[in-house]
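The values are calculated or read from the model by the stated rules, or taken from the named source; none is laboratory data. The structure presented is a predicted model; accordingly, all values stated were derived computationally and were not measured. In this analysis, Cβ positions are derived from the backbone assuming ideal geometry, glycine residues included, and neighbour counts consider all displayed protein chains.
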Amino acid sequence: MYYRQMGKIPHKRHTTFRKPDGTLFREQVMGTKGFSGTQSILYHHYMPTEVARTELIGKYLPEYEDQESLKHRHLLTDRIEKKGDALKAREYLLGNDDLLIGTANISEPMKSFYRNGDGDEMIYIHYGSGKVETMFGTLTYGPGDYVIIPIGTIYRVIPDEHKTTKVLFVESFSQITTPRRYRNEYGQLLEHSPFCERDIRGPETLETYDQKGEFEVITKTRGYLHSHILNHHPLDVEGWDGYLYPWAFNIEDFEPITGRVHQPPPVHQTFEGHNFVVCSFVPRLYDYHPEAIPAPYYHSNVNSDELLYYVEGNFMSRKGIKEGSITLHPSGIPHGPHPGKTEASIGKKETLELAVMIDTFKPLKLVKQAKAIEDEKYMYTWVE
Ligand SMILES: [Fe+2]
């Protein structure tokens, strides 16, 4: 990320910054990795520590299925009927100690505010539009947006009225960043990166609520949800600056890297967190060697689990996959194109597929409830 500033801030940090009535704005340094990572400084109307009441809501970590025989999995997320606000609608599907993955049908605005105290969140918008109101300002979202919300950011999601927003979400236990190899020693995105700073959107407006009253902030951390009742509006920031803030990147701004022969998955990489990467498969021209096979070769990703969320288009190497499908190809066994798909890809000029891939370096476990939307025959769909 790079430096941004919104609203009013004093010329020098850690100096007096007064409201028109002469009282002080309350300065908050919000930083990652102690004081060594990216950080921002915010100026609040009220002390961010002013909490009237706290309550334990309960456990939120999902329960995983018992170990079954190792197989490829296919989940049909369009079968999930659960709806609600951006927090209650979350259906966890897979996870491990590094991240939790699921989908949500967001049908109503959040009445409370929320923050994740364990790590950054990634919300990929499959369809729908609306806005994410945060303490750093408001981001509007639409289809194809990846919205990245840093650890500790207080926010709420407001979908546009009468429309459901379907999202794929990642709750990480680390920071989610652009890949290190795309950046130079100063942090700037390099020419070979498939996107650049111009494609990254920060908050568009900073709304400041100088308002007293009871406001709930739900904090997710340490395996539990906690309720904190503030006696002021949590979005009371007059101004901020720094490198830490929520941002959005649209998958259509990902410029695909193509070649004469099949390019490996790392060319699709978009983000990374601790022990996982996120890749974007976007419409692109196929390989241009006259005898190229555009479909992927069979491969053993022996050190990572490969999860794909299918957004739209006809995914070139698969049959029986629908929009909203999730496939998991686990480490330890090979996977690759379905029967006939390798031959069918030869001579093709382009693909219109759109998909998000999450590769994890530790095995992903299936959440118990996810079995209800599983296509159990998927493992055997390679049998000719
Ligand atoms: Fe793969």
Within the range 104-147, which residues are in contact with a His (Cβ under 8 Å, 6 or more places away or on another chain) and either under 25 Å from Q369 (Cα atoms) or crowded, with 21+ Cβ neighbours inside 10 Å (or both)? none
Quick check, is E323 free of Cβ contacts under 8 Å to residues at least 40 places away in the same chain, more than 16 Å from Q263 (Cα to Cα), of a type in the set (D, E, K, R) and away from the ligand (no atom under 14 Å from the Cβ)? no
Which numbered condition trips up Y245, out of (1) assigned to a loop (DSSP other than H, G, I, E, B); (2) within 16 Å of the ligand (Cβ to nearest atom); (3) surrounded by 16 or more Cβ atoms within 10 Å (Cβ to Cβ)? (2)
Could you tell me which of the residues L328, L366 is in contact (Cβ under 8 Å) with a residue 12 or more places away in the chain and in contact with a Lys or Arg (Cβ under 6 Å, 6 or more places away or on another chain)? L328
Checked H232, H226 against criteria (buried (at least 19 other Cβ atoms within 10 Å of the Cβ), modelled with pLDDT of 95 or more and more than 30 Å from V356 (Cα to Cα)); the one match is H232
The range 326-384, residues that are of a type in the set (D, E) and either more than 13 Å from the ligand (Cβ to nearest atom) or part of a loop (DSSP other than H, G, I, E, B) (or both): E343, E350, E353, E374, D375, E376, E384
Determine whether the range 158-169 contains at least one residue that is closer than 15 Å to W247 by Cα and of a type in the set (V, I, T). no
Just for the range 173-206: of the residues that are touching a residue at least 24 places away in the same chain (Cβ under 8 Å) and of a type in the set (D, E, K, R), which one is surrounded by the fewest Cβ atoms within 10 Å (Cβ to Cβ)? R180
Can you pull out the strands (runs of 3 or more DSSP E) entirely within the range 15-72 that have at least 1 residues that are touching a residue at least 60 places away in the same chain (Cβ under 8 Å), under 30 Å from L364 (Cα atoms) and not aliphatic (A, V, I, L, M)? 26-31, 51-59
Selection from the range 115-140 of residues that are under 23 Å from G37 (Cα atoms) and in contact (Cβ under 8 Å) with a residue 60 or more places away in the chain: R115, N116, G117, D118, G119, D120, M122, T134, M135, F136, G137
Among the listed residues G202, G259, G213, G223, which satisfies the condition of being under 20 Å from T38 (Cα atoms) and away from the ligand (no atom under 16 Å from the Cβ)? G202
Name every residue in the range 262-292 that is aliphatic (A, V, I, L, M), away from the ligand (no atom under 15 Å from the Cβ) and surrounded by 16 or more Cβ atoms within 10 Å (Cβ to Cβ), in order of residue number. V282, A292
Can you find even one residue in the range 298-317 that is out of contact with any strand residue (DSSP E or B) (no Cβ under 8 Å at 6 or more places or on another chain), within 16 Å of the ligand (Cβ to nearest atom) and under 17 Å from V356 (Cα atoms)? yes
